[in-house]
Amino acid sequence: MRKILLAVVLSLACASWAQTPARPPNLQPIPEPPAPPPGMELDPALEPQVTIIKRGIDTVEEYRIGGRLYMMRVIPPHGVPYFLIDHRGDGTFSRQDSFDSGTRVPMWVIRSF
């Protein structure tokens, strides 16, 4: 009986000791990050522009970069949203039910003329 009582008292003491907050050493505020080097500023033309359009009962989100439409997200009122993506940049859209379906080859535009 004494062993059980000793175990209960020790467990309560350990629990109260664990809840006592430790005092951190003198902390200094984090300095502000440095400014980007010249020529590395973000170009607002490279940010995607999203336009939300209501077509019939569907909601369509159009994504453009540099004025070129590259992706549409169609959200029906009932059902799962799907994407129409222009993979080659020729205006031919293919349907994709989600972004994480299967393995895709990385395709980046290195330079456009």
Inset, instruction - Working only within the stretch 65-75, note down all residues that are at pLDDT 90 or above and exposed (fewer than 15 other Cβ atoms within 10 Å of the Cβ). - result: I75
Inset, instruction - For residues that are over 22 Å from F113 (Cβ atoms) and surrounded by 10 or more Cβ atoms within 10 Å (Cβ to Cβ), tally how many sit in the stretch 48-64. - result: 11
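The values are calculated or read from the model by the stated rules, or taken from the named source; none is laboratory data. Model, not experiment: these values are computed from the prediction. Glycine gets a Cβ as well: all are built from the backbone with ideal geometry, and neighbour counts include every protein chain shown.
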